[in-house]
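Engineer: Sharing a structure below in structure tokens format, with a few things to ask.
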Amino acid sequence: MNETLKTYDAIVLGAGAAGMMCAATAGQRGRSVLLIDHADRPGKKILISGGGRCNFTNIHSAPECFISSNKHFAKSALRRYTPQDFISLVERYAIDWHEKTLGQLFCDKSAKQIVAMLEAECANGGVKLLLGQGIRDVDHADGKFTVRLDQSTAAAKSLVIATGGPSIPKMGATGFAYDLARRFDLSVIPPRPGLVPLTLGGAEQIFGNLTGLSADVIASCAKTSFREAALFTHRGLSGPAILQISSYWSPGQPVTLNFQAGTDAGWLLEAKRSRPKSSLATAISNALPGRLAKILTNQLEGEFGLSGDLGNLPDRALKSAEEKLTRWPFEPTGTEGYAKAEVTVGGIDTAGLSSRTMQAKAVPGLYAIGEAVDVTGWLGGYNFQWAWSSGWACGQDL
């Protein structure tokens, strides 16, 4: 039986971080809101984030920490709903938290606390939560959106797309947001996996022998760089520095790693002067993990002819070796795809949306928020902050 539900002020599709924040904000403003998700419980991605402790924001969130075809789009929402605003909400619910590193804030106990908080906020706003419902069709006529579900139908003057992107498909993620946006003639910036491990092939597969080893590096692609740990895997490169730079990487581009991130320039020549009887391998292993030092040394010796004691090696060759260690090029063959991507880069084109309200300029009453939109944050709580900020901005307008 297809039961027709009452008409709401707004229907929010997707009970993730952005959708729950939006629904709660609008509900507490007196709007009648229906929040729908195909999953059997809300906030599933929140629950697995941050190793189960939810890296719920970053105190350094700023527009320059986000990737978008319009670098100015995120400014309004981020300015109006800040990390401190969300911290205040967290503290109101007596959720203990800590800063782990680089401004990343985590729950002391569990990500379940954030989901429970958002559920309570929705309940405080009288939000109707409907779970386990697949969306069969969405129509728009006479100023209302009609959403046909597996077992019911609902209508509202406003519809919010908060179903995210296709990253982590095992959680049920799909490109539904883009299909729906295109139905209403909204453009979509081609999506791709972001914050994702990179794969290596050919001669670079030798680094697969270092699986599980990490090193402090500066990872660079074009004009963008991040200093954090890189992790070698059996398929290629991962770790925070690699995940960060992956969002800026395009096929065919090299990624360079500076393996001497904390070392002063000229250190190899200084090693030659102070320890002339030592080898290149010894000098490099003093600064890097042994297995990594061995692979890098073997390649440098072959490329620059650097065998023998440091004291007998030409300064020019040592300088060349040092320069290569500070910009070691890798040519990724690809990424590990949406299955391992933490976010999606690209999405619903911001050119068709209001940066203040998230409403579609050409379709009154239609909104898009969170990961569904072409705004992607850095690793470390930035994407959650975008979810809170964009959800709040939209909820203020519903």
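The values are calculated or read from the model by the stated rules, or taken from the named source; none is laboratory data. Computed from a prediction, not measured in an experiment: that's the story for all the values here. Cβ sites come from the backbone with ideal geometry, for glycine too, and all protein chains shown count toward neighbours. Heads up: the accessible areas ignore ligands, DNA and RNA and are worked out on the full protein's heavy atoms, side chains in. Shrake-Rupley method; radii C 1.70, N 1.55, O 1.52, S 1.80 Å.
Engineer: Can you tell me which residue among LEU34, LEU47 is over 14 Å from GLY164 (Cα atoms), touching a Phe, Trp or Tyr at 6+ places or on another chain (Cβ under 6 Å) and modelled with pLDDT of 95 or more?
Structural biologist: Step by step, each of LEU34, LEU47 is checked, and only LEU34 is over 14 Å from GLY164 (Cα atoms), touching a Phe, Trp or Tyr at 6+ places or on another chain (Cβ under 6 Å) and modelled with pLDDT of 95 or more.
Engineer: For the range 120-167, give me the residue count where each residue is assigned to a loop (DSSP other than H, G, I, E, B) and either without any contact (Cβ under 8 Å) to a residue 24 or more places away in the chain or under 24 Å from LEU353 (Cβ atoms) (or both).
Structural biologist: Of the residues in that region, 11 qualify.
Engineer: Which numbered condition trips up GLN244, out of (1) within 15 Å of GLU342 (Cβ to Cβ); (2) out of contact with any Phe, Trp or Tyr (no Cβ under 6 Å at 6 or more places or on another chain)?
Structural biologist: Failing condition for GLN244: (2).
Engineer: Taking the residues in the range 352-372 that are under 21 Å from the mean Cα position of the chain (by Cα) and either open to solvent by 10 Å² or more (accessible area, probe 1.4 Å) or free of Cβ contacts under 8 Å to residues at least 60 places away in the same chain (or both) as candidates, determine which candidate is farthest from SER246 (Cα to Cα).
Structural biologist: Only one residue tops the list, namely SER355.
Engineer: Test of understanding: among VAL127, VAL115, which residue is in contact with a strand residue (DSSP E or B) (Cβ under 6 Å, 6 or more places away or on another chain), surrounded by 15 or more Cβ atoms within 10 Å (Cβ to Cβ) and of a type in the set (Val, Ile, Thr)?
Structural biologist: Result of the check over VAL127, VAL115: VAL127.
Engineer: Also: For GLY239, indicate whether it is on the phi > 0 side of the Ramachandran plot, open to solvent by 50 Å² or more (accessible area, probe 1.4 Å) and modelled with pLDDT of 95 or more.
Structural biologist: no
Engineer: Within 30 Å of ASN55 (Cβ to Cβ), charged (D, E, K, R) and surrounded by 15 or more Cβ atoms within 10 Å (Cβ to Cβ): is that true of LYS324 in this structure?
Structural biologist: For LYS324, the condition - within 30 Å of ASN55 (Cβ to Cβ), charged (D, E, K, R) and surrounded by 15 or more Cβ atoms within 10 Å (Cβ to Cβ) - is not met.
Engineer: Please tell me if SER389 is within 16 Å of HIS72 (Cα to Cα), assigned to a helix (DSSP H, G or I) and either open to solvent by less than 10 Å² (accessible area, probe 1.4 Å) or not hydrophobic (A, V, I, L, M, F, W, C) (or both).
Structural biologist: Taking the combined requirement at face value, the residue satisfies it.
Engineer: Can you say whether SER320 is in a loop (DSSP other than H, G, I, E, B) and either under 30 Å from CYS65 (Cβ atoms) or without any contact (Cβ under 8 Å) to a residue 60 or more places away in the chain (or both), as far as the supplied structure shows?
Structural biologist: In short, no.
Engineer: Restricting the search to the range 266-292, which residues are closer than 22 Å to CYS221 by Cβ and surrounded by fewer than 18 Cβ atoms within 10 Å (Cβ to Cβ)?
Structural biologist: none
Engineer: Next up: Being of a type in the set (Val, Ile, Thr) and open to solvent by 10 Å² or more (accessible area, probe 1.4 Å) is the filter; apply it to the range 180-210 and report the residue that is farthest from the chain's Cα centre (by Cα).
Structural biologist: The qualifying residue farthest from the chain's Cα centre (by Cα) is ILE206.
Engineer: Give all pairs with beta carbons closer than 8 Å in which a residue from the range 181-210 that is under 18 Å from VAL363 (Cα atoms) and part of a helix (DSSP H, G or I) meets a residue that is open to solvent by less than 70 Å² (accessible area, probe 1.4 Å) and not hydroxyl-bearing (Ser, Thr, Tyr); count only pairs at least 6 apart in sequence or on separate chains.
Structural biologist: ALA181/ILE161; ALA181/VAL188; ALA181/ILE348; ALA181/ALA368; ALA181/ALA372; ARG182/VAL188; ARG183/VAL138
Engineer: Moving on. Conditions first: (1) outside any loop (DSSP other than H, G, I, E, B); (2) open to solvent by 60 Å² or more (accessible area, probe 1.4 Å); (3) closer than 27 Å to ALA17 by Cα; (4) of a type in the set (D, E, K, R). ASP216 passes all but one, so which condition is the exception?
Structural biologist: Every condition holds for ASP216 apart from (3).
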